[in-house]
Amino acid sequence: MSDFEYANAPESKAIANIAPNYGLFIGGKFVDPKKGKSFSTINPATEELLSKVGYGDKSDIDAAVRSARAAYTKIWSKMPAKERGKYLYRIARIMQERAREFAVVETLDNGKPIRESRDTDIPLAAAHFFYHAGWADKLEYAGFGSKPKPLGVVGQIIPWNFPLLMLAWKIAPALAAGNTVVLKPAETTPLTALLFAEVCQQAGLPDGVVNIVTGDGITGAALVNHPDINKVAFTGSTEVGKAIARSISATKKSATLELGGKAANLVFEDAAIDEAVEGIINGIFFNQGHVCCAGSRLIIQENVADEVLEKLKKRMSLIRVGDPMDKNTDLGAINSKEQLNKIEEISKTGDAEGANRWSPDVKLPTKGFWYPPTIFTGVTQSHRIAREEIFGPVLSVLTFRTPSEAIEKANNTMYGLSAGIWSDKGAKVLWAAKQLKAGVIWSNTFNKFDPASPFGGYKESGWGREGGRHGLAGYLASEAKVNK
Amino acid sequence: MVNIARTELDRIGGKSLPVAAVATAFPSGRASLAVKKIDTQDAIDAGANEIDMVIDRGAFLSGRIYDVFEEIRVIKEICGKKAHLKVILETGELVTYDNVRKASYLAMIAGADFIKTSTGKVAPAATAPVVLVMLEAVRDYFTLTGEKIGVKPAGGIRTTKDAIKQLVLVKETAGEQWLTPELFRIGASALLNDLLMQRMKLRTGHYASANYVTVD
């Protein structure tokens, strides 16, 4: 019994005008799919139908690529760079103006807490457009030669974990560099991309510069294999990333791939423990752990492990799980039944292989897809939960005795996307950062993103970088390599 | 003043209300230990039930940690069972969170019943991050010793909303067992006025001008 209960604080859905049906956004207009097929998108927190969206097949992809090619040849590649920049600024401002609407739709479609879509996803998405708008007319000073050229038509496929933010990571640099785009949103989270299509119309973006074709993996494969795209940009699983790499291997298409991760979060004995605990929580429970750079392997120095774990458990007991639309919610719904099954399957191997599971006492809603915040202690390097990406609110805890052992364990993975270091000693932080094989390393913080900072991984975590000057490189060609 | 407060309280039927007095060369804390001892003894003799002492920040910041510890210990000895001891850290002058944490531990080990952020004479005073650090300190001290030390943010908490934020900090950091006047208090007369105004609004449905509550 508590004297100090929090009241519900639900955000209103009234601002979200979700249409009952959406077509495909091709050539600046919403059009029906050629075969007339559609599929449902639901709210994962309630399993209620949100909308029916068009299912794009090969012929729709072809129409979208043609539209993007025409826009590239006739308009976008001829437009002065500063004019391109103006469109990007306009899009960024409209996204800010409609931020609340975007946040509500994102939370309804994805299941993430409104606090996160409101404070992280949408502001960062707008920030990416602002940042790249600034680059549009300064590309010749970016260090890619005096006359960097766009690639042409880019096929982009994005995941469901940060639907609008990943769209921004893809579309903003592509357009700034002068490319046109065909984008396929994730099957379970198409709505903010379709809202973004409305923003393109509102901004008066020339028809065909951005095309959005909703669908599933088959739609995505049709896009990757279309002969007239110059580049594939993909964020998603390593498995699909490998398939994409195979299918473009004999073509002139370039690719950037942002794939899985199994980040090590290293806590040294001299860390500020309370701060580290907050960072651990943020690292694994942010966005239900549906984060490719999530700090899913906690590696603690053995002499402080008990203290860290005790504090971590206390802190986990304070996580509020439930209605994503409630402004007090920390952990929302798992995005889909399929993902929930995957989390359950891999977590069960943790029990079977001898790790110890712990979750706070939480009441999960009966409808929708939910998983409690979970940690496994007594994990060894060989356990599946220490090797495979779970992509859910499940943390594997390991320990180390010496700094070199910490590095050895951290790097002993097929991934290398991100890592975290917790220590009050600067020299140790810099030393560890140098040893870690990961594209992004956070020191005494976690999950910090900025459009100016390149993001990407080593090994099976992907090819190339997104964001910053390095991210632009993936959308530009030196003169010798320009297509057509 | 302690005397006057005690007499007046008794006269109007507030015999059960304790009287708190600042002591130890408040607010600077810059006097000899002998003077501080007399100051404290004087307040207790006059009927004070609570002593708010200030630490010597000069000593703390120059590294004479043991002097600070010894002062608190001696004052606590004088308070004995007669008076409750609050130790004011004056966090606005300690500046860093590391210092706040260190001073909190120092005070608790030396015998403080309460640790308090500020004298009210220095800004910034009871900021949320400082209170968080102090709440973490009492929580950890409790884990280590089983002893519960109180926390009192003072200064800078002017609105009901600010106060609610502080209560959330307590609930989520030290825990609900700290949500009692024996372990958590907020010092701020400005807050009282805002609280009265909010209650008036709850009753009448609209805000009155600030002049409808007194400012003393």
Low-density loop cleavage sites - chymotrypsin sites (Phe, Trp or Tyr not before Pro) in segment B:131-216, where at most 12 other Cβ are within 10 Å (DSSP):
B:Tyr207
Selected from A:Ile42, A:Ser249, A:Val308, residue furthest toward positive end of dipole (chain A; charges at beta carbon)
A:Ser249
Listed residues A:Ser336, A:Val440, A:Thr402: farthest to the positive end of the dipole of chain A (Cβ charges):
A:Val440
Find how many whole Å separate the alpha carbon centroid of segment B:126-178 from the alpha carbon centroid of segment A:180-242.
49
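Lys and Arg at +1, Asp and Glu at -1: add these up for the other residues within a Cβ distance under 12 Å of A:Lys29 and post the number.
Details: positive: none; negative: A:Asp32, A:Glu198, A:Asp207.
That sum, taken over residues with Cβ under 12 Å, equals -3.
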Residue by residue, what Karplus-based ³J(HN,Hα) values in Hz, rounded to whole numbers, does segment A:259-266 have, using 6.51, -1.76 and 1.60 with θ = phi - 60° and x for Gly and Pro?
10, x, x, 8, 5, 8, 10, 8
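Within 10 Å of each Cβ of B:172-180, how many other protein chain Cβ atoms are there on average? Write out the running numbers ahead of the final one.
Details: counts 3, 4, 0, 2, 4, 0, 0, 3, 1.
Mean number of neighbouring Cβ atoms from other chains: 2.
Given the -39500 (n - 2.57) contribution per DSSP H run of 4+ residues, what per-residue ellipticity at 222 nm results for chain B, rounded to the nearest 500 deg cm²/dmol? Write out the running numbers ahead of the final one.
Numbers: 9 runs with 109 residues, N = 216.
Taken over chain B, the calculation gives -15500 deg cm²/dmol.
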Taking the Cα centre of segment B:2-188 as origin and charging only Cβ (+1 Lys, Arg; -1 Asp, Glu), how large is the dipole, in debye to the nearest 20?
260
Under 18 Å from the Cα of B:Lys15 - aspartates and glutamates, other chains or at least 8 residues apart:
B:Asp45, B:Glu50
Pairs to check: A:Lys428/A:Lys448; A:Lys313/A:Lys342; A:Lys13/A:Lys311; A:Lys82/A:Lys112; A:Lys147/A:Lys252; B:Lys36/B:Lys82. Give those whose C-alpha atoms are more than 27 Å from each other in this structure.
A:Lys13/A:Lys311; A:Lys82/A:Lys112
Assuming a ≥ b ≥ c are the square roots of the Cα gyration tensor eigenvalues, decide whether segment A:264-443 counts as rounded (a/c under 1.5), prolate (otherwise, with a/b larger than b/c) or oblate.
prolate
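When you look at the Cβ of every residue in A:273-281, what mean number of other chain Cβ atoms sits within 10 Å? Don't jump to the answer; show the numbers that get you there.
On the way: counts 2, 8, 2, 0, 0, 0, 0, 0, 0.
Mean inter-chain Cβ contacts per residue within 10 Å come to 1.
What do you get for trypsin sites (Lys or Arg not before Pro) in segment A:224-313 restricted to DSSP loop and a cutoff of at most 13 other Cβ within 10 Å of the site's Cβ?
On the way: sites: A:Lys231, A:Lys242, A:Arg246, A:Lys252, A:Lys253, A:Lys262, A:Arg297, A:Lys311, A:Lys313; in loops: A:Lys252, A:Lys253, A:Lys262.
Filter output for segment A:224-313: A:Lys252.
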Dipole of segment B:2-188, positive direction: furthest Cα of B:Ala21, B:Ala107, B:Gly63, with charges on the beta-carbon:
B:Ala21
Segment B:97-216: spread of alpha-carbon positions along the three principal axes, whole Å, largest first, is 49, 29, 20
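When a/c reaches 1.5 or more, the comparison of a/b and b/c decides; with that in mind, is the protein assembly as shown rounded, prolate or oblate per its Cα gyration tensor? The partial results should precede the final answer.
Numbers: a/c = 2.32, a/b = 1.97, b/c = 1.18.
The shape class here is prolate.
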Using a/c under 1.5 as the rounded threshold, could you call segment B:110-166 rounded, prolate or oblate? The axes a ≥ b ≥ c are square roots of the C-alpha gyration tensor eigenvalues, and prolate needs a/b larger than b/c, oblate otherwise.
prolate
Counting sequence-distant residues (5 or more places) and residues on other chains, those with an amide H built under 5 Å from that of A:Thr445 are A:Ile421
Take A:Ser249 and A:Asn328, extend 7 Å from each Cα along the Cα→Cβ direction, and tell me the distance between the two endpoints in nm.
5.5
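Counting only GluC sites (Glu not before Pro) that sit in a DSSP loop (anything but H, G, I, E, B) with at most 11 other Cβ atoms within 10 Å, what is the longest stretch of chain A containing none of them? Each step should come with its number before you reach the end.
On the way: sites that count: A:Glu5, A:Glu48.
So the longest stretch without any such site is A:49-484.
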Which residues does a label at A:Glu307 reach in segment B:86-113, if reach means a backbone N under 16 Å from a point 7 Å past the Cα toward the Cβ?
B:98-99, B:101-106
As a test, work out the antiparallel percent of DSSP beta bridges whose residues both lie in chain A, rounded to the nearest 5.
30
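Are there any helices in chain B, counted as whole DSSP H runs, that stretch 15 Å or more along their axis by Cα and score at least 0.5 on average by Kyte-Doolittle, and if so which? Mind dumping the intermediate values first?
On the way: long enough: B:33-45 (18 Å, -0.15); B:65-79 (21 Å, 0.53); B:97-110 (20 Å, 0.07); B:128-145 (25 Å, 1.15); B:160-173 (19 Å, -0.09); B:189-204 (23 Å, -0.02).
Those that clear 15 Å and a mean of 0.5 are B:65-79, B:128-145.
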State the extension gain, in nm to one decimal, for the chain segment bounded by A:Ile75 and A:Ala7, taking 0.36 nm per residue of separation less the distance between their alpha-carbons.
19.1 nm
Where nothing but the Cβ of Lys and Arg (+1) and of Asp and Glu (-1) is charged, how large is the charge dipole of the protein assembly as shown around its Cα centre, in debye to the nearest 20?
2220
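Let me check I've understood the local charge: for A:Gly354, count other residues with C-beta under 15 angstrom from its C-beta, Lys and Arg +1, Asp and Glu -1. What total comes out?
Details: positive: A:Lys348, A:Arg357, A:Arg384, A:Arg387; negative: A:Asp351, A:Glu353.
Net charge around A:Gly354: +2.
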At 222 nm, what value in deg cm²/dmol follows for chain A if DSSP H runs of at least 4 each add -39500 (n - 2.57) and the sum is divided by all its residues, to the nearest 500?
-11000 deg cm²/dmol
Among B:Pro124, B:Pro153, B:Pro181, which one shows the highest mean-square fluctuation when chain B is modelled as a Gaussian network with alpha-carbon springs under 10 Å?
B:Pro181
For A:Asn265, residues with placed amide H under 5 Å, excluding near neighbours:
A:Arg297, A:Leu298, A:Ile299, A:Gly420
Among segment A:423-459, those whose backbone N falls under 14 Å of a label point 7 Å along Cα→Cβ from A:Arg469 are A:452-454
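Any read-out appearing in this document is the output of simple, stated calculations on the displayed coordinates, not a laboratory observation. In this text, all values refer to a predicted model and were calculated from it rather than measured experimentally. Because the Cβ atoms are built from the backbone with ideal geometry, glycine has one as well, and the counts that use them run over all protein chains shown.
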